[in-house]
Amino acid sequence: MKTKDIEKQAEKLMHTPFAQTYFHGTKADLKLGDFIEIGVKSNYGQNNIAKYIYLSATLDAAVWGAELALGNGRERIYLVEPTGQIEDDPNLTDKKFPGNPTKSYRSKHPFKIVGEITIWQGHPAEQVKAMKDRMAVLKEQGIEAIED
């Protein structure tokens, strides 16, 4: 076999890099194969109709999403696959964490649920309370957690 043929054959056998894993934290009770879409009530803020949906490549950001979501349901973290383009979440990356260290993103395209993380550690109760208290102060000042 020629060297080029061997290289082409080797390329076919080489392992591909792992795909990026994305998480979505919520209190919504969803099933594998369901889609998270815009156009429904948001988990946050004034509970308005969502113009974007959010996901993160870090489990910690998804935990915050589950802990801060509105509603009385069980906190859940889903593994999701974007079905279209995603962009940096400007609510975090432009205002709080330049450079997007939280790896937080948003999209107008649905996310397909491909799994659920069932064992995860939440933040300490006092830390969650402090975050919710801070969000309440911001709300009183007319500043929403999510701006579209």
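What follows is calculated from the coordinates using simple rules that are stated; it is not laboratory data. Bear in mind the structure is a predicted one, so any value in this text is a computation, not a measurement. Cβ atoms come from the backbone with ideal geometry, glycine included; neighbour counts cover every protein chain shown.
Separation of segment 96-126 from segment 70-85 is 8 Å, based on Cα centroids. Counting other Cβ atoms within 10 Å as a rough exposure proxy, the listed residues Lys27, Lys129 run Lys129, Lys27 from fewest neighbours to most. Projected over all directions and averaged, the alpha-carbon convex hull of segment 20-140 occupies 7.4 nm².
Ranking of His24, His109 by neighbouring Cβ atoms within 10 Å, starting from the fewest: His109, His24. Here the residues Tyr54, Tyr105, ranked from fewest to most Cβ neighbours within 10 Å of their Cβ, fall in the order Tyr105, Tyr54.
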